[in-house]
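All of the numbers you see were taken from the coordinates with simple rules; none came from a lab. These numbers were taken from a predicted model, which means no experiment stands behind them. Cβ: placed from backbone, ideal geometry, glycine included. Neighbour counts: every protein chain shown.
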Amino acid sequence: MTEAAGPDERDAGGQALTDRPHDPHAGGGTDPQSGSREEGPRRGRLHPHNVVIDVTDHDVVVPFWEAALGWTSQRINEQFVGLRAPAEEAVGFDILFQKVPEPKTAKNRAHIDFDAEDMEAEVARLVELGGSVRGAHALGAFRWTIVADPEGNEFCVTIR
């Protein structure tokens, strides 16, 4: 059982921050010191909390990402499905899949890079799961492969 929030730990309406319902855009994450999950909003510096990916069909995209990462999904509401890493992985953000009416039509302006010990084997596994290779590049020793999920959202698999 948690202690009641103090006066400085309440929202503008007086509700204790620890008693608030889950909001996919508010607080939380992983404590980098202990690796445990934090609840409620953090104060202070800017930090990553969620990466949001637009999708037209949760049932097409979310199973791909669950299998690719080994993370657990949770339907938040009709618009959002969240994907969370196991606590022992100490990942500091969740991935949210936001249902939108329009399909992807252009290159992503932002994307996630994932490191892999064996980039070629990991890319082959992602293709077997329904992903597609969009390109492979190298700058010196830094190499990466651009992969797209089943709806075309790009991300990179890297090896250094």
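Tabulated results
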{"read-out": "Per-residue ³J(HN,Hα) for the range 154-159, Karplus 6.51 cos²θ - 1.76 cosθ + 1.60, θ = phi - 60°, Hz, x for Gly and Pro", "value": "7, 8, 10, 10, 10, 9"}
{"read-out": "Distant-in-sequence amide H partners of Asp54 (H built 1.01 Å from N, under 5 Å)", "value": "Gln98"}
{"read-out": "FRET efficiency for Ala90 and Ala110, using Cβ-Cβ distance with R0 set to 30 Å, rounded to 0.05", "value": "0.85"}
{"read-out": "Whole-Hz ³J(HN,Hα) from phi, Karplus 6.51 cos²θ - 1.76 cosθ + 1.60, for the range 117-123, glycine and proline x", "value": "5, 10, 4, 4, 5, 5, 5"}
{"read-out": "Over the range 110-160: Rg over Rh, Cα atoms, Kirkwood Rh", "value": "0.94"}
{"read-out": "J(HN,Hα) series, the range 129-134, from Karplus relation 6.51 cos²θ - 1.76 cosθ + 1.60, nearest Hz, glycine and proline x", "value": "7, x, x, 9, 7, 9"}
